[in-house]
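Written below as structure tokens is the structure these notes are about.
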Amino acid sequence: MGATPESRSRREFISTAALALFAAHAPWLRRTARADEPMIEQPSPSPIRLAGLRLLARDATAQRDFYEKILGLPVTADSGESVTVRSNGTAITFVEVPLDPGVNRLDPYYHFAFNIPENQVNEALDWTRARVPIIKNAEGNEIVFFESWNAHAFYFFDPAGNIVEFIARHTLTNASTRPFGPASILEASEIGLVVQDVAAATRQIERDLGATPYRPPSPEF
């Protein structure tokens, strides 16, 4: 992200949430998500849509239970060692990896964001809060507004410690009049990776993938 106060606040918020991984998590609420409305395949309204993600996790079964039973997303594959869940526009595969103290001293975790209808952030918050604890910022707010992104968002953890974001991007024409539910979780539009050296990772991505930073990178983000 760039050097504007707003972008720094976004970076600091996600960094603070990541640090909270090392604190005691609130107990996960085992309330089953309502699944009374079908998943509907639809063209992505976003200029950025991640069709698929393949992420590491310590416990694939816990990930399946969370995304299927808590958020109500369908499971499209389950081998026991990996599980794939799907929102309307993105398939996420969690691959189970054993803990090897000599190699992997920390659990793998990521930050990813799902687009939601741009007019339903409050309804989405109520729906999500009934199922999982919401991360609050330093001011105690659950919803954060990013002025330069023209978006409202809120965050929560999944059982693997991933920082999951529901973001309502007001620049998108995806408003909905349907009650918020699993079908309202649209496509993933962001993926954040935890790395030891941000500058080195940025250079590698530029070199190997030909991608350039959206904004000038900082040493931390």
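Pairing each residue of the range 210-221 that is in a loop (DSSP other than H, G, I, E, B) with any residue that is open to solvent by less than 50 Å² (accessible area, probe 1.4 Å) and modelled with pLDDT under 85, provided the two are 6+ apart or on different chains, yields C-beta distances under 6 Å for Arg215/Met1; Arg215/Gly2; Pro216/Gly2; Phe221/Met1; Phe221/Arg11. Would you point out the residue of the range 54-71, among those that are buried (at least 21 other Cβ atoms within 10 Å of the Cβ) and not in a helix (DSSP H, G or I), that is modelled with the highest pLDDT? Of everything passing the filter in the range 54-71, Leu71 is modelled with the highest pLDDT. Residue pairs whose Cβ atoms lie under 6 Å apart, sitting 6 or more positions apart in sequence or on different chains, and linking a residue in the range 167-184 that is closer than 22 Å to Tyr67 by Cα to a partner that is open to solvent by 30 Å² or more (accessible area, probe 1.4 Å) and outside any loop (DSSP other than H, G, I, E, B), are Ala168/His152; Phe180/Glu123.
Within the range 142-159, the set of residues being among the aliphatic types (A, V, I, L, M) and open to solvent by 40 Å² or more (accessible area, probe 1.4 Å) comprises Ile143 only.
Summed over the range 171-199, residues that are within 20 Å of Thr90 (Cα to Cα), in contact with a strand residue (DSSP E or B) (Cβ under 9 Å, 6 or more places away or on another chain) and not hydroxyl-bearing (Ser, Thr, Tyr) total 10.
Per-residue answers, yes or no, for (1) touching a residue at least 40 places away in the same chain (Cβ under 8 Å); (2) under 18 Å from Ser189 (Cα atoms):
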| residue | (1), (2) |
| --- | --- |
| Gly80 | no, no |
| Asn88 | yes, yes |
| Ile92 | yes, yes |
| His111 | yes, yes |
| Asn115 | yes, yes |
| Asn137 | yes, no |
| Phe146 | yes, yes |
| Ala151 | no, yes |
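For the range 184-196, check the following and say yes or no: at least one residue is of a type in the set (D, E, K, R), closer than 13 Å to Phe112 by Cβ and surrounded by fewer than 17 Cβ atoms within 10 Å (Cβ to Cβ). Looking through the range 184-196, at least one residue is of a type in the set (D, E, K, R), closer than 13 Å to Phe112 by Cβ and surrounded by fewer than 17 Cβ atoms within 10 Å (Cβ to Cβ). Regarding the range 201-215, can at least one residue be identified that is closer than 30 Å to Glu123 by Cβ, open to solvent by 40 Å² or more (accessible area, probe 1.4 Å) and of a type in the set (A, V, I, L, M, F, W, C)? There is no residue in the range 201-215 that is closer than 30 Å to Glu123 by Cβ, open to solvent by 40 Å² or more (accessible area, probe 1.4 Å) and of a type in the set (A, V, I, L, M, F, W, C).
The values are calculated or read from the model by the stated rules, or taken from the named source; none is laboratory data. These figures come from a predicted structure and were not determined experimentally. With ideal geometry, Cβ positions are generated from the backbone for all residues, glycine too; neighbour counts draw on all protein chains shown. To get the accessible areas, we keep the full protein, side chains included, count just its heavy atoms, and leave off ligands, DNA and RNA. Shrake-Rupley method; radii C 1.70, N 1.55, O 1.52, S 1.80 Å.
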